[in-house]
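S.K.: Structure provided below as C-alpha cells; questions to follow.
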Amino acid sequence: MKKKIMIALLLFGLIFQTKIVKAASGSLSVSSRNVIVGNSFTVSVYVNQAAAWQVHVTSSGPVSGCTIDLADATADAMNTSKSFQATCTATGTGTINISLSGDVTGAEDGNAVGLYGSATVTVSNPAPPPTPDPTPSPSPSPTPSPTPAPSYSPTPSNNNNNNRNDNIQSPVTAGEEKSSNTNIREISVESFELKKDDDVNYSLTVNHIVEEISIKASAEDEKSSVKGAAKVKLKEGDNKFEIVVTAENGDTKTYYVNVKRKENEYPISEIDDALKEKDKIVSIIIKDEDKITKDILDKIKKSKKQVSFKKVDDEKNDIYTWTIDGNKLGQLVEFSPKIGFEFKRKDKFDTKAGFRTGKYIELSSMKIPKSTLKINVKNTFKDGEKVNVYYYDEDKNEIVLVKDNIIVKDNEAEFSVTKGKNYFITRATIDKTSKNYFKPIAIIESVALVVLGILLFKKNSSKNESKYESKFKSDNSSKKDKKIEIVE
C-alpha cells in the first residue's frame, strides 16, 4: 500500500513540475479607428515569447508613413516579448487598410509561426465650425403722426419725420463666406510611386522606356477646382508639370510634379528594361568589373537587338564600345569587356613593327562572341584620317592586318574583333613578312651629309645588327601566349 502511495505521489509531482510552454505569437493594433484628415495615429505590433521574428506591416488608402519592415533575433537565442510602432498620417478622406504579415519563432521548438492581422481606420474631414446665429434685427420705432403744419409756412416736422423714417434700415443678413482652401488632397502618378519632397513639390524618376505618364490629383475642398492633372508626354531628362488648385474664393496654389526620364543608357543590371526599348539599338554603360554572361547574351539573341556596351569616363565621353548583334550571335560564352591600352610584350611588338606611332589595345578575355569594337583615338588621330588595324600573332611572330583605310569619325575607329588579343591602330602600313623594320639605313639617311659619320655608323651598325639578330632569335624561342578564340 505504501508503495502505491509513493508511486502516486511521484507521478503527481512530475505532472506539476512539467514546464508549460507558451507558443510564440504576435498581434496588431491601432491607436484609433477614426481620425481626421491631417491627424496621425499609431499602429503597433506585439511579439510574444519569440526568439526570432520577421514583421511586415503594409497599408493602403489615404495614408503615409504607415509601414514596418524588420527582422531580428535575440542575442542569447532565448524568448522575449517586444513591441514595434509606426506613426501613420491620414492624407485624405476614406478608409485606410493595414495588414500584418511575417512570422515569429520560439526558442523551444524552432518552428516559425505565421503572423496575420488587419485593421481599418476611417478618415473624415473635420467638422465645420458652428454657424453663428444672426444678429437680432431691431424693431422699428412706430412712426409718429405728422403734426399739422400752419398754413403760413412749410411743415418742418414732416421733413424731420420723413428723414427719420428713411434712416430706419431693414436688417441685413451677412452672406456665407466663401472657402479659401487651396490644399491638395492627393497627387499620384498611375503605376508609379510619387515621392513628396515638401509641401508643394513631388518627384519621380522613370526609365527611358517610359514615354508618358498619367497624373491624377484631387483637392481637399470639394468646392475647389484642380487644373493640370492629365496624361502627359515625357522628354528625355527633366520634366516639370504644374497642378493648380483654385479655391472657391479665387485663391490659387501651385503644386509641382518633377519627373526625370533617364537617358537611353542603362547599367548592365537593367538589361531587361533596356531590351524593352522600341529602338533596335540600345546602350549599356559598363564598369571594369562587369561581366557579359551567357544569360545576358541569350537575352540579346532572343531580342534580336544590337546592344552597345560602353565604357565612359567621368565626363561621359566614350572610351570604348563593344557592339553585339543579337541576329548574329552563335555560341554563347561569358567574357569580360574590359580593355587595356598597353601590351605586356610591347617591346617585342615595337621591334617587330618598327616602332610605329599608334594606339595599343589589349583584350581581357580569350573567348569572346562575334562583335565589333569602337576605340576612342582622340589623342592619337584626327577625324577624317585613315588608319589601319593590326593584331600581333605571337605564335607565328607575325603582325596581321585586320582592316585598312578605316576613317576616324567622331574621334573613334571601328573594326571587327578577329583572332588576336593584342591590337594596334596606326597610320603606317606594316609588312607582315618583314623580320626587322629597324634598319640601319634609316639612321644613315639622317646623317647623310657627314661622310665620316656615315662610315663610322656603318662600322658600328654591323656589330649591332649581329647582336640584334641574336636577340631576335632568343625572343622567338621564348614561351608563346595563346590566341584569342572568336566563338561563332
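S.K.: Please enumerate the residues belonging to region 82-93 that are among the aliphatic types (A, V, I, L, M) and buried (at least 20 other Cβ atoms within 10 Å of the Cβ).
M.R.: Result: ALA90, single match.
S.K.: Tell me, yes or no, whether region 423-439 has at least one residue that is exposed (fewer than 13 other Cβ atoms within 10 Å of the Cβ), modelled with pLDDT under 60 and in a helix (DSSP H, G or I).
M.R.: Among the residues of region 423-439, not one is exposed (fewer than 13 other Cβ atoms within 10 Å of the Cβ), modelled with pLDDT under 60 and in a helix (DSSP H, G or I), which makes the answer no.
S.K.: Looking for something among the polar types (S, T, N, Q) and under 23 Å from ASN39 (Cα atoms) - is there at least one such residue anywhere in region 207-225?
M.R.: yes
S.K.: Which residues, counting only those in region 185-228, are among the hydrophobic types (A, V, I, L, M, F, W, C), in contact with a strand residue (DSSP E or B) (Cβ under 8 Å, 6 or more places away or on another chain) and under 26 Å from ASP273 (Cα atoms)?
M.R.: Matches in region 185-228: VAL189, PHE192, LEU194, LEU204, VAL206, VAL210, ILE213, ILE215.
S.K.: Hey, among the residues in region 242-251 that are open to solvent by less than 80 Å² (accessible area, probe 1.4 Å) and acidic (Asp, Glu), which one's nearest to THR182 (Cα to Cα)?
M.R.: Here the residue is ASP251.
S.K.: Do you know which residues across region 211-244 are within 16 Å of SER188 (Cβ to Cβ), in a loop (DSSP other than H, G, I, E, B) and either under 28 Å from the mean Cα position of the chain (by Cα) or modelled with pLDDT of 95 or more (or both)?
M.R.: Selection gives GLY228, ALA229, ALA230.
S.K.: Quickly run through region 219-233 and pick out the residues that are touching an Asp or Glu at 6+ places or on another chain (Cβ under 6 Å) and surrounded by 17 or more Cβ atoms within 10 Å (Cβ to Cβ).
M.R.: Listed by number, the list holds a single entry, GLY228.
S.K.: Taking region 94-112, which residues are among the β-branched types (Val, Ile, Thr) and either at positive phi or surrounded by fewer than 17 Cβ atoms within 10 Å (Cβ to Cβ) (or both)?
M.R.: The answer is THR95, and nothing else.
S.K.: Something else now. Quick one: count up the residues across region 113-128 that are surrounded by fewer than 17 Cβ atoms within 10 Å (Cβ to Cβ) and under 24 Å from ILE187 (Cα atoms).
M.R.: Qualifying residue count, region 113-128: 6.
S.K.: Out of all the residues in region 66-95, which are part of a loop (DSSP other than H, G, I, E, B) and among the polar types (S, T, N, Q)?
M.R.: Answer for region 66-95, where residues must be part of a loop (DSSP other than H, G, I, E, B) and among the polar types (S, T, N, Q): THR67, THR74, ASN79, THR91, THR93.
S.K.: With the condition kept exactly as written, say whether any residue in region 342-355 is polar (S, T, N, Q) and either surrounded by fewer than 17 Cβ atoms within 10 Å (Cβ to Cβ) or under 24 Å from LYS294 (Cα atoms) (or both).
M.R.: no
S.K.: Here is a check on your reading of the model: is ASN239 open to solvent by less than 40 Å² (accessible area, probe 1.4 Å), in contact (Cβ under 8 Å) with a residue 12 or more places away in the chain and farther than 17 Å from GLY92 by Cα?
M.R.: Judged against the criteria, ASN239 is a match.
S.K.: Can you report the number of residues in region 356-379 which are under 21 Å from ASP404 (Cβ atoms), β-branched (Val, Ile, Thr) and either surrounded by 19 or more Cβ atoms within 10 Å (Cβ to Cβ) or without any contact (Cβ under 8 Å) to a residue 40 or more places away in the chain (or both)?
M.R.: 3
S.K.: Can you tell me which of (1) buried (at least 16 other Cβ atoms within 10 Å of the Cβ); (2) closer than 25 Å to VAL123 by Cα; (3) modelled with pLDDT under 85 is the one TRP53 doesn't meet?
M.R.: If we test TRP53 against (1) buried (at least 16 other Cβ atoms within 10 Å of the Cβ); (2) closer than 25 Å to VAL123 by Cα; (3) modelled with pLDDT under 85, just (2) comes out false.
S.K.: Can you report the number of residues in region 387-410 which are under 13 Å from ASN422 (Cβ atoms) and open to solvent by less than 20 Å² (accessible area, probe 1.4 Å)?
M.R.: Total meeting the criteria: 7.
S.K.: Continuing with this model, one more query. Are there any pairs with C-beta distances below 7 angstrom linking a residue in region 117-129 that is touching a residue at least 60 places away in the same chain (Cβ under 8 Å) and outside any loop (DSSP other than H, G, I, E, B) to a residue that is of a type in the set (Lys, Arg) and open to solvent by 70 Å² or more (accessible area, probe 1.4 Å), with the two at least 6 apart or on different chains, and if so which?
M.R.: Taking only residues 6 or more apart or on different chains, the pairs are VAL121/ARG33; THR122/ARG33.
S.K.: Let me ask you something else. Scanning region 23-38 for residues that are touching an Asp or Glu at 6+ places or on another chain (Cβ under 9 Å) and over 30 Å from ASP221 (Cα atoms), which turns out modelled with the lowest pLDDT?
M.R.: Among residues in region 23-38 that are touching an Asp or Glu at 6+ places or on another chain (Cβ under 9 Å) and over 30 Å from ASP221 (Cα atoms), the one modelled with the lowest pLDDT is ALA23.
S.K.: Checking the structure you have, find out if any residue of region 297-307 is within 22 Å of GLY330 (Cβ to Cβ), of a type in the set (Asp, Glu) and open to solvent by 70 Å² or more (accessible area, probe 1.4 Å).
M.R.: No, the conditions are met nowhere in region 297-307.
The values are calculated or read from the model by the stated rules, or taken from the named source; none is laboratory data. What you see is a predicted model, and the numbers here were worked out from it, not measured in a lab. Using ideal geometry, Cβ is built from the backbone for each residue, glycine included, and neighbour counts are taken over all protein chains shown. Areas reflect the complete protein model, heavy atoms only, side chains present, ligands, DNA and RNA absent. Shrake-Rupley method; radii C 1.70, N 1.55, O 1.52, S 1.80 Å.
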